[in-house]
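This report concerns only the one structure given below.
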Amino acid sequence: MERTVWLDRGHSSAEGRCRTQRQLSGLAGVVAMRCLIVDDNKAYAETARRVLDQSGVRVTGTASCIAEAMLRAGEVRPDVVLIDIGLGGEDGFDLARRLADPAAGDLAAIMISSGAEDDYADLIAESPALGFLSKADLSADGIRRILSLAS
């Protein structure tokens with residue numbers, strides 16, 4: 001069974017709001033999705049890959065910096081990109097803005113961090129990211145929850 005999910009973009013009035021239609025296939029309410037993980041901690045990225053793969057989220061690639069993430073996103077065409085807020089010397093929010101650009105495919109992004117969501121609440125609200133998951137709580141259910149709230 002195929003289901004259409006509308007992912008909301010942009011949170012500030014200055015950015016305006018637009019919608020991107022994504023076709024996600026699902027059965028009995030469980031959405032199968034392709035995911036790209038962007039994190040400069042390779043050990044965490046591999047752990048997250050194993051956890052998500054076991055729970056029905058197919059991790060189709062990983063990247064450790066913005067340039068690599070943009071390349072991988074074009075190659076693997078993920079349904080959702082999990083982006084570490086602190087990418088070494090780079091800014092994960094910058095990557096979220098780049099991925100939200102229609103020229104990059106207007107990809108859905110969820111920010112992740114080992115820090116608390118409250119520490120980044122204003123930045124998340126101003127970004128095109130759909131939401132936030134702490135690294136400790138990263139799960140397929142958490143990703144699906146954020147995607148369902150955005151629809």
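The values are calculated or read from the model by the stated rules, or taken from the named source; none is laboratory data. Being a predicted model, the structure only gives us computed values, none of them experimental. Because the Cβ atoms are built from the backbone with ideal geometry, glycine has one as well, and the counts that use them run over all protein chains shown.
Data for the structure
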{"read-out": "Residue match in segment 17-32 (condition: at pLDDT 95 or above and in contact with a Leu (Cβ under 9 Å, 6 or more places away or on another chain))", "value": "no"}
{"read-out": "Those residues of segment 133-151 which are of a type in the set (Gly, Ala, Ser) and either under 20 Å from residue 115 (Cα atoms) or assigned to a helix (DSSP H, G or I) (or both), in sequence order", "value": "134, 136, 139, 140, 142, 148, 150"}
{"read-out": "Residue list for segment 48-64, restricted to those being of a type in the set (Val, Ile, Thr) and without any contact (Cβ under 8 Å) to a residue 60 or more places away in the chain", "value": "59, 60, 62"}
{"read-out": "First in segment 65-79 and of a type outside the set (Gly, Ala, Ser), second anywhere and assigned to a helix (DSSP H, G or I), Cβ under 6 Å, 6 or more apart", "value": "66/95"}
{"read-out": "Residue that is within 12 Å of residue 129 (Cβ to Cβ) and touching an Asp or Glu at 6+ places or on another chain (Cβ under 8 Å), where the choices are 66, 112", "value": "112"}
{"read-out": "Selection count where residues are outside any helix (DSSP H, G or I) and either among the small types (Gly, Ala, Ser) or touching a strand residue (DSSP E or B) at 6+ places or on another chain (Cβ under 6 Å) (or both), scope segment 80-94", "value": "9"}
{"read-out": "Count of segment 95-128 residues which are more than 14 Å from residue 40 (Cβ to Cβ), assigned to a helix (DSSP H, G or I) and not β-branched (Val, Ile, Thr)", "value": "17"}
